[in-house]
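Below is one structure, written out as C-alpha cells; the observations come after it.
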C-alpha cells in the first residue's frame with residue numbers, strides 16, 4: 001500500500017495525524033501487515049485529528065465570544081484544507097482496500113460525513129460571500145413585516 005504521508009508545511013504546527021504519519025511510516029510500508037488494517041488504523045487516527053481540530057475551533061469560538069472578536073487565522077484554513085486532502089486520500093484507500101474484518105469503529109459513510117463536514121466549514125468560513133448590497137436586500141425582505 002502506498003503511504004498517505006503528507007509533509008508538513010514549514011512553520012505549521014503538526015496535527016496528531018501528521019505526528020502519527022511521521023512516526024509510523026515503517027508500519028505503512030510493512031508488506032506483512034494487511035492493507036485493510038493499515039487503512040483502518042490510519043483512518044482512525046485521522047478521525048481523531050478531526051476531533052482535535054473541532055475542539056480547537058470550539059475553544060477559539062468561546063475565546064472570540066469572550067473577547068468580542070472573530071479572528072480565524074490563515075493557519076485555520078491551512079489545517080482545514082490539509083485535513084480535507086488527507087481525508088480524501090484515506091477515503092480512496094478505504095474504497096480500494098476496505099476496512100479490517102470485524103472493524104466496528106466507524107463506517108465508510110461515517111468517514112465520508114466527516115470529510116463533508118470539513119468541506120462545509122471551508123465553504124462557510126472562506127467561500128464566496130454576498131455583496132453588501134445583496135445582504136441589505138435580503139435583510140429588507142425578511143424584515144419587511
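All of the numbers you see were taken from the coordinates with simple rules; none came from a lab. Note that the structure is predicted; figures quoted are calculated from it, not measured. Glycine also receives a Cβ, built like all others from the backbone with ideal geometry; neighbour counts cover every protein chain displayed.
Here the calculated FRET efficiency for residue 51 and residue 26, from their Cβ-Cβ distance with R0 = 35 Å, stands at 0.85, rounded to the nearest 0.05. If the chain linking residue 77 and residue 117 were pulled fully straight, counting 0.36 nm for each residue of separation and taking away their Cα-Cα distance, it would gain 13.0 nm. Here the convex hull built on the C-alpha positions of the stretch 16-142 has a volume of 145 cubic angstrom per residue. Using the average count of surrounding beta-carbon atoms within 10 Å as a protection proxy, the listed peptides 125-137, 31-43 rank, highest first, as 31-43, 125-137. Going from the fewest other Cβ atoms within 10 Å to the most, the residues 111, 103 appear in the order 103, 111. If r is the Cβ-Cβ distance from residue 140 to residue 59 and R0 is 35 Å, what FRET efficiency results, to the nearest 0.05? Between residue 140 and residue 59 the formula returns 0.45.
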